[in-house]
Structure formats: C-alpha cells, structure tokens
Amino acid sequence: MSAYNRVNGTYASEHRQLLTGILRDEWGYEGVVVSDWGAAKSTIASVQAGLDLEMPGPGRHYGKALMDAVEAGAVSEGEIDTHVARILRLILRAGLMDDNPKASRGALNTPEHHELARRTASEAMVLLKNRNGALPLKPSQRIAVIGAPAHRPTIQGGGSSQVSPFRMISPLDAMREAWTGWDIRYAQGVDHEVSPPIIDSRLLRDETGGEGLTARYFSEGDFSGEPILVERDWRFFKLGFGRAAQSPESLDFAVEWRGTFTPDRSGVHAFSLAHTCPHVELVLDDDIVIATETPAEREKLFMFLELDVRKARRDLEAGRTYRIRLRYSQPADGAILGFNVFAVSLRPPAPSFEEAISLAADSDVAMVFAGAGSTAETEGQDRASMALDADQSRLIESVAEVSPKTVVVLNTGAPVEMDWADSVDAILQTWLPGQEGGYAIADLLSGAISPSGKLPVTFPKAYRDNPTWLYYPGGTQADYGEGLFVGYRYYDAAQIEPLFPFGHGLTYSSFTLEGLQLPDMIHCGAPLPISLRLTNTGRCHAQETVQIYIEDLATQETRPLRQLRAFRKVALDPNAEASVQFELDPRALCWFDTDKNDWAATPGRYLVHAGFSSRDIRATAPFDLAGTP
C-alpha cells in the first residue's frame, strides 16, 4: 500500500524507486500495490511508478481519467496489461475464480482460535516492574479493581484497521469468572475518555434479550417494504455497512435498530450520532432525543470524510429499562460504496473518585487499570502528549498513598509517562490485546501463566528524552533528524537512562545466561555461529528471550553503540537448562554505504553482547571479521 505522504519530495503513490526499483526489482515482490484510501494524487505518474489499484472506487485518477490517458497515448496498453496481470494473479491465487471459492475458507471462531488469541495476547504482555513479588496475586487477598479499562478495555486501535470481534470479555469479568471465591470489588474512579466512547453494547438488549440491538436493513431509504436482512448487532461504529446494505446497482439503503437500553448509573447521559448521511434518529421510549432536525456540528473524521455530529443530553435513571430506536438512512446521492460512517456514542455520568480511593484503602491489593481510552489511539491523528489522559495519574498516586500494595495495569498501545512508577509495586503493560485479552490478563495476574513479553520500544522517563523531541511535530515537512539513532540506539548514544529499556520484560522466575561461544574470526560473507547456555533458576515454568546485539568497532563511519541482530524465546521448567543456538546472516554485520548504494561490511574487531534487554547484558565476547578469502 502506498502512503499519503511525499518521500524526498515525491508522493509515495508516484515513487518509482520505492514501488518498482526496491519493492519489485530488488525484493522480488509479485503482488499488487494499492493506494491508501485517497492517497493517489495523479494518473500518469502513478501508473508509471507501479501503482496497480487506486482505492477506494470509483476511481478519481484512474477509471475514466486513465482511459483518457491511454487514448491520448500518455500511457501504453502494455503498461495497463502489466497492472491488470498483477491484479488477475492475485484474484487467481486467492481462489476467487474457483468454482466454489468458499469451500477452502475453513473453520471460524472456534475454541482453538480463542485459545490461540488468548495465548498470543498473554505472551505479548510485558511485566515492567514487580517489587517484592507483588504479582502474582493470591486468593486470600482482598482485591480492589479500579479504573475504566478493567470494565471496558480498549482491545484495538481505531480507524479503518478496526475489526469487529466475535466476542469480548473485560478483565474484570474474566477475573470474576476464573477466580472463583476471590474477594474482588470494583470502582471506576475517573472517566478517562477524551472523546465520548461508542455506546457500550452491554447496556443494550435486542428483541430476543441478547446483547446489542436488532438491526433491520432496507433496500429503500424510506424504510419501506420488507427488510432484506434482520440480525443482532452489537457494533455501533460503522465504517461501511457491507453488501447487505449497498451494492453497485443500488447505493441507497436504510437501517433501523430496536431493543432496550438500561443505564448502569443515574444522571445526565450525553448522546451523539456521527454520520455521513443526512438522516439519523435516536428515540428513547417516546422521546425523540436526536433527529435530522437536531442542529449538527461539522467535524472531519479522517482522510476526506466529513461528518455531521448531532448531540443531546438526557437525565436517566440507573437500572430503568428504556425502549430504544436508532435509524440511519443513506441516499445514493453522494454515497461511496462501502464507505459510510455511522457512530453512536455515549458519555455516561462521571464516576466517583472518592469511592475508588476508599475501596483501595479497604483492600490488601489495589489494581489500577489505566489507558489511553477507546478514541485516543486511532488513525488520522497523533496523541497530544505521552501523559495519561484525564485524572488517571492522580488516581494512581492517590491509590498508592492509601493501599498496602498497588499494581498498575496499562491498556495502551504505546509508551506513557509514569511519574508515579516509583510509588507502585508492579506495572503490567497489556497493549491493545484483542478479544481474548481479558482472559490473558487474568491468567498473568493470577500466575496461571508467567509473563514473557519484551518491550519492542524504549519507554522514556519523559517525552523530552525521546529521539524525536527536536523534530516533532514536523508540519507539512517531517525531518527524520535522528538518522541511524532510532529508539534504543539514541538512548545509548546520548547516555540517557530510560524508564524501561528496549527488550525489557520480567517473568515470575529467574534465569542465568552463561557459556557464550563463537569463533575468534570469520570471513566477510560467512555466517556467524553463536551458542549460549540458558538456565531457569527460579520456581516456576517460564519463558525468557535471549537477545544478541552486535557492537561494530571496525567501521569509521558513525555507528550506534550496538544493535539487535537476533533473539529467541525459550521455555524452561525450574532448574532446567537449554543450549541456545544462533547463526547470524552475513548482513547482520553490514551497513549501507550511500556512496556505493549497496551494503558493505568492514573488516576488523566486533563484539557480541548477549542478554535479556538492550541494557541487561549478561555476556560479551569479541571476534574479528576478515576480508573475503
């Protein structure tokens, strides 16, 4: 996919060096290149650069404009044949021309899939801190669970990469389900959502009593005739409605949702409907809360989509069941196939900060779940800062003052500043863990599984320590001024102590790494064999990741202190050991010579560093790289 931006002055969709020279000629890529949605900026330059498909359709720069370019002789039929052949090859490889293309799709949403997603999430989570064995938790402890992400986690980023899960369980519900008999109590504490979140489907019931609402799709925009589809729907952010709603032959359609809404807190609820169509409606009982006549605010969601946002507030009673009806009607005029937006958001009344602090003081362990919120980490925008949103830092600090033991569970997709890190006993980074993430968090907190994830980025103590501090934001032109010193390479070169280094991650066990062995000398172009001995010296089955870094002492050009070149995760029982073997490819010792436009290796002295993070080096050994024999 070609990006929106220019690279060295040339749009990515028109960049022949990238799309053809590197991607196809150098790397041997045989697939299709599509533009990001709306990223194609031209007709002739894009075709000649190697862009096969403009998205979305109908084309603005391809389509009729491309036909005109061919007829004018600006683009040859041979060039068109090349692009068409790539697209046809993809269609054939995907089996879409087979007699029964659905036959090979396989199983979907099985228990095996759930287990795989659960295990993947747990292995990705990183235990950043665990002072005095605060984790795992014990059944005898009175546990306070605090923070909105415990009850309603953010499982993925927003935007066009967002997918609809088959199911989702919160960490709080997963803990209550798995930890039978444990004393677990919950308080939200603060509202951490910067923008109103999508309405919680657990507050809704469809016409059969299931979670969500009953949706009826109509082929006509006025809701007339029999519905063409009736289904239960629990997803109230829509980016495209699928084939049930639209087809190339008929772009107009309508959807009506019915069921009940039961608030879980009393007070003023702020509703908002964001939409691309002109006709929407929200009714509670017989009260028309939002209608097409409701004054709208014009907001830009992302890319080229302009949204109308209609808002209203209602004072509602907790536990009372209200009939709810939602309507969305999309006329064909101005519609883009599969690119409608309809979002139903709700900000409930503010929770009690004092209730959360009181609960923490009356517990043996307080677990504070904190995160960026469901609307903060999405495409089309950057976070405003590295600080936690709203009063979450104050909540953590206040809990730590009154709780005998405080554990912070971070539900973020990227680093955050942690001025409170020294005040808490344990920190677990869970990222955006997917639909089975709640179960994975419960597994780790209880000790059913030992944490084994490692940081793929450096967590700085403060935003100003970041290598992009001098270059962000870049405005219309972004300078990547850090050059080779990206991530941990910068912190090493600048001798800045990070909060948590690249590659860091604790387990519930302990490990030693010994016996580093490698040749005294190898020739350029030869692989480098490395072996070590890893031993689990702790009390539980756990996994540790052995990391290999290379330090280049031979090259005169400016180089990072050391660079990761290999890693391997190894699972061991208590007191067990394993021989860990690596064979580094010759490219691991190379650097890119811009004068020669090629990779080069400099004969001379190198060091191999082996450890458990970029700052936790357990063994070092030298070797010499000789010229080609």
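If you go through the range 128-138 one residue at a time, do you hit one that is open to solvent by less than 50 Å² (accessible area, probe 1.4 Å) and part of a helix (DSSP H, G or I)?
Going through the range 128-138, the residues open to solvent by less than 50 Å² (accessible area, probe 1.4 Å) turn out to be 128-130, 133-137.
Imposing the further condition that a residue be part of a helix (DSSP H, G or I) reduces the set to 133.
Scanning the range 128-138, I find at least one residue that is open to solvent by less than 50 Å² (accessible area, probe 1.4 Å) and part of a helix (DSSP H, G or I), so the answer is yes.
From the list ARG265, ARG232, pick out the single residue that is at pLDDT 90 or above, in a loop (DSSP other than H, G, I, E, B) and basic (Lys, Arg). Lay out the reasoning, then the answer.
On the way: ARG232 fails: in a loop (DSSP other than H, G, I, E, B).
Just one listed residue meets the conditions, ARG265.
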Completion exercise
Selection over the range 361-388 where residues are among the acidic types (Asp, Glu) and more than 22 Å from THR406 (Cα to Cα) yields a count of 3
Completion exercise
Out of (1) closer than 22 Å to SER122 by Cα; (2) in contact (Cβ under 8 Å) with a residue 60 or more places away in the chain; (3) open to solvent by less than 40 Å² (accessible area, probe 1.4 Å), the one SER374 does not meet is (3)
Practice task
Select, from ALA448, ALA478, ALA414, ALA440, the only residue that is in a helix (DSSP H, G or I) and farther than 17 Å from ALA148 by Cβ.
Solution key: ALA440
Exercise for the section: Go through the residues of the range 502-521 one by one and say whether even a single one is out of contact with any strand residue (DSSP E or B) (no Cβ under 6 Å at 6 or more places or on another chain), of a type in the set (S, T, N, Q) and exposed (fewer than 13 other Cβ atoms within 10 Å of the Cβ). Expected result: no
Fill in the blank from the handout: Within the range 417-431, residues being out of contact with any Leu (no Cβ under 9 Å at 6 or more places or on another chain) and either outside any loop (DSSP other than H, G, I, E, B) or surrounded by fewer than 20 Cβ atoms within 10 Å (Cβ to Cβ) (or both) number 3
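Do we find a residue being among the hydroxyl-bearing types (Ser, Thr, Tyr), modelled with pLDDT of 95 or more and open to solvent by 20 Å² or more (accessible area, probe 1.4 Å) anywhere in the range 537-557? Please lay out each step first, then the result.
Within the range 537-557, the first condition is being among the hydroxyl-bearing types (Ser, Thr, Tyr), and the residues that meet it are 537, 545, 549, 555.
Remaining after also requiring modelled with pLDDT of 95 or more: 537, 545, 549.
So of that shortlist, the ones also open to solvent by 20 Å² or more (accessible area, probe 1.4 Å) come out as 537.
The answer is yes; a qualifying residue exists.
Looking at the range 1-46 only, could you name the residues that are in contact with a strand residue (DSSP E or B) (Cβ under 9 Å, 6 or more places away or on another chain), among the small types (Gly, Ala, Ser) and in a helix (DSSP H, G or I)? If you could, list the steps in order and put the result at the bottom.
Filtering the range 1-46 for residues in contact with a strand residue (DSSP E or B) (Cβ under 9 Å, 6 or more places away or on another chain) gives 1-5, 11-19, 32-36, 39-42, 45-46.
Now drop any that are not among the small types (Gly, Ala, Ser), which leaves 2-3, 12-13, 35, 39-40, 42, 45-46.
Across the range 1-46, the qualifying residues are ALA12, SER13, ALA45, SER46.
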Fill in the blank from the handout: Result of the Cβ filter at 6 Å on the range 52-66, keeping first residues that are in a helix (DSSP H, G or I) and partners that are not small (Gly, Ala, Ser), at least 6 apart or interchain, is ALA65/THR43; LEU66/THR43
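The values are calculated or read from the model by the stated rules, or taken from the named source; none is laboratory data. A quick note: this is a predicted structure, and the numbers were derived from the prediction, not measured. Glycine gets a Cβ as well: all are built from the backbone with ideal geometry, and neighbour counts include every protein chain shown. When the accessible area is computed, the model is the full protein with side chains, heavy atoms only, and any ligands, DNA or RNA have been set aside. Shrake-Rupley method; radii C 1.70, N 1.55, O 1.52, S 1.80 Å.
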